[in-house]
Amino acid sequence: MDQHEAPILDGLVEHRQLDRYGFTPPGHRQGRGADPRTLAALGRETFQADILATAGLDDRSSSRGLLKKAQSLMAEAVGAEQAFFSTCGSSLSVKAAILAVTRGTGEILIGRDAHKSVTAGLVLSGLQPRWIRPMWDSELHIAHPPSPDAVEAMWQRHPDAAAALITSPTPYGTCADLASIADICHKRGKPLIVDEAWGAHLPFHDDLPTWAMSANADICVVSVHKMGMGFEQGSVYHVQGGLVDPVRLSQCADVLATTSANVILYSAIDGWRRQMVEHGHEELARTLDLVETVRTRIEHIGRFHVLRDELVRKEASHDLDPLHVLIDVSQLGISGYQAADWLRAEQRIDVGLNDHSRIEATFSQADGDGTADRLLQALTALAQASATMPAPHPMFLPEPSDLEMETVMHPRDAFFGPVEVVPAEDAAGRIAAEQITPYPPGVPAILPGEKINGKVVEYLRSGVDAGMVLPDPADPSMKTIRVVQE
Ligand SMILES: Cc1ncc(COP(=O)(O)O)c(C=O)c1O
């Protein structure tokens, strides 16, 4: 295929050049009807690019196959057998993958460090999760992806599970030994799904961790907006091998997806694939060099520690994506929450992941010396300002074993069944009826169907006091919790 082509982008440009006009949605008619203040904020071109995918970009039967061609180009570019675009984020793609491999019944093995979009898939599907133990670092209080041994142990206990699902890279950038895990699954004739939401860039540079398709995974899901150059919500799921039926997979996505896919999102994915084929290696090489310098320069400011060696070792993870720059701020005498809030308020810098002792800056090929300098200057100012900042609110950090709560009910039954709201201090021993997720990174601490451990409640309550954000429980202040009615 000609990887210099970008069929969706070209179709979009042609639509504009031919001055097509649709008496169809979107009703704004390429911005003609939009309020001038909206146009001023979003730009007329945004509206011009917002056209229907069928009977707009392509004709009413999609006879030109623009989307299909763009997906085939993507599959070829990254070495997958098939690729499918989604405009509903990896949040939808992982659910489609789960439904496709399980057919909606039975058990699935899942690393317990899964993102809330994966665990929400359990509520939706009614599946029985069999949790694979992550590699817990009880000193750093970080969960890394499960080891191959942990996956093997779970297959021995639950040989009838339909598939295994692993998150790699994690939001910390730590990666699983996917090739060994795929091998373990395949020896049993079972597919491996990899939630690689953070790994869209991995196929395009050898110095980055192995990407899931090269490690023989059967399905892998990426968010193009996280580490690639796509718009928010742009996701691609890839499939290969004979264990997953691609038709079932795309039909599972179809039952969940919007019928009004956003062509702007598709176009950005298409354009990004061409960019990566043409320039990805050199752009990522430059970014990898930049990040090495940034890591050293942050250490030189003093009292910041950039984590690396402690994240990649036998007891931690198999590999690390160095573009995740995880910075320990505890020597400044402040928490990661305080650091993140101060950087936003005083330096107009937002960081991604933040927790009791760390902040994370993720770098992409869009970054350069200018943005790196901005981060360095902001961190230098933070180091100075920290002297006058209040001491962080003390947080109770549980042991890994406290976090491994027993799933005593199907997540779906717990979520949809009769619930009652109890004071948090009375919740220990009750079955959770809601998902409670510190965000970021988005890994639920409590899931529907789990028997609540009081130490986890203490962790979350002290976390909220310290600045932790919990977007999903009914009571984000954690004074009360929804539990299954007794
Ligand atoms: C590991 C992981 N999986 C899935 C998702 C969901 O991705 P999206 O935001 O594209 O829906 C996220 C989002 O942060 C994530 O971190």
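The values are calculated or read from the model by the stated rules, or taken from the named source; none is laboratory data. Keep in mind it's a predicted model, so treat the numbers as computed, not measured. Methodologically, a virtual Cβ is constructed for each residue, glycine included, from the backbone with ideal geometry; neighbour enumeration extends over all protein chains shown. For the accessible areas, the whole protein counts, side chains as well, though only heavy atoms, and no ligand, DNA or RNA atoms are used. Shrake-Rupley method; radii C 1.70, N 1.55, O 1.52, S 1.80 Å.
The share of accessible area on segment 400-484 that comes from carbon and sulfur is 53 percent, using a 1.4 angstrom probe.
Name the shape class, rounded, prolate or oblate, that the alpha-carbon gyration tensor gives for segment 213-271, where a ≥ b ≥ c are the square roots of its eigenvalues, rounded holds for a/c under 1.5, and otherwise prolate holds if a/b is larger than b/c and oblate otherwise.
Judged from the Cα gyration tensor, segment 213-271 comes out oblate (a/c at least 1.5, b/c at or above a/b).
Please state the shape class of segment 182-295: rounded when a/c is under 1.5, otherwise prolate if a/b exceeds b/c and oblate if not, all from the C-alpha gyration tensor.
On the way: a/c = 2.50, a/b = 1.24, b/c = 2.02.
Oblate, because a/c is 1.5 or more while a/b does not exceed b/c.
Distance between the 7 Å Cα→Cβ label points at residue 64 and residue 385: 5.0 nm. Take residue 138: with every protein chain present and a 1.4 Å probe, its accessible area is about 60 Å².
Could you compute the net charge surrounding residue 480? Neighbours are other residues with a C-beta less than 12 Å from the C-beta of residue 480; K and R count +1, D and E count -1. Please list the in-between numbers first.
On the way: positive: 430, 461, 479, 482; negative: 420, 425, 426, 434, 475.
Around residue 480, the surrounding residues sum to -1.
Mind jotting down the distance between the C-alpha centroids of segment 110-126 and segment 252-270, whole Å? What the calculation gives is 22 Å, centre to centre.
Each 20 Å bin from 0 upward holds the following percent of the Cα-Cα pairs of the chain: 23, 54, 23, 0.
Where the accessible area of segment 1-78 is counted over protein heavy atoms with a 1.4 Å probe, how much of it, in %, is carbon and sulfur?
Values: 2450 of 4680 Å².
Solvent-exposed carbon and sulfur of segment 1-78 make up 52 percent of the total.
Could you tell me which GluC sites (Glu not before Pro) in segment 73-182 are loop residues by DSSP with no more than 10 other beta carbons within 10 angstrom of their beta carbon? Numbers along the way, then the final one.
Numbers: sites: 76, 81, 107, 139, 152; in loops: 81, 139.
Answer by residue number: 139.
GluC sites (Glu not before Pro) within segment 285-351: which are DSSP loop residues with at most 15 other Cβ atoms inside 10 Å?
Values: sites: 292, 299, 310, 315, 346; in loops: 315.
Here the GluC sites (Glu not before Pro) that fit, given the DSSP loop and packing criteria, are 315.
The longest part of the chain holding none of the exposed loop trypsin sites (Lys or Arg not before Pro), meaning those outside H, G, I, E and B in DSSP with at most 10 other Cβ atoms within 10 Å, is 61-313.
In a DSSP loop and with at most 12 other Cβ atoms within 10 Å, the GluC sites (Glu not before Pro) in segment 399-450 are 406. Spatially, segment 220-247 and segment 324-370 are offset by 28 Å when compared through their Cα centroids.
Per residue, how much accessible area does segment 219-278 show when a 1.4 Å probe rolls over the protein heavy atoms, in square angstrom? Walk me through the numbers before you get to the answer.
Working: 2320 Å² over 60 residues.
Accessible area per residue, segment 219-278: 39 Å².
For segment 44-142, the solvent-accessible area works out to 38 Å² per residue, with a probe of 1.4 Å and every protein chain left in place.
At 1.4 Å probe radius, can you tell me the per residue accessible area of segment 400-484 in Å²?
Values: 3460 Å² over 85 residues.
Roughly 41 Å² per residue, with all protein chains present.
Overall, the accessible surface of segment 280-388 at a probe of 1.4 angstrom is composed of carbon and sulfur to the extent of 46 percent.
Cα centroids of segment 26-85 and segment 385-444: how far apart, whole angstrom? A separation of 40 Å, based on Cα centres. Annotation: Cα Rg of segment 280-388 relative to the compact-globule expectation 2.2 N^0.38 Å equals 1.05. If a/c stays under 1.5 just call it rounded; otherwise compare a/b with b/c (prolate if a/b is bigger, oblate if not). Do that for segment 330-486, with a ≥ b ≥ c from the square roots of the Cα gyration tensor eigenvalues. Prolate is the answer for segment 330-486, as a/c is 1.5 or above and a/b outweighs b/c.
The packing ranking of peptides 49-59, 175-185, highest mean first, is 175-185, 49-59, where packing means the average number of other beta carbon atoms within 10 angstrom of each residue.
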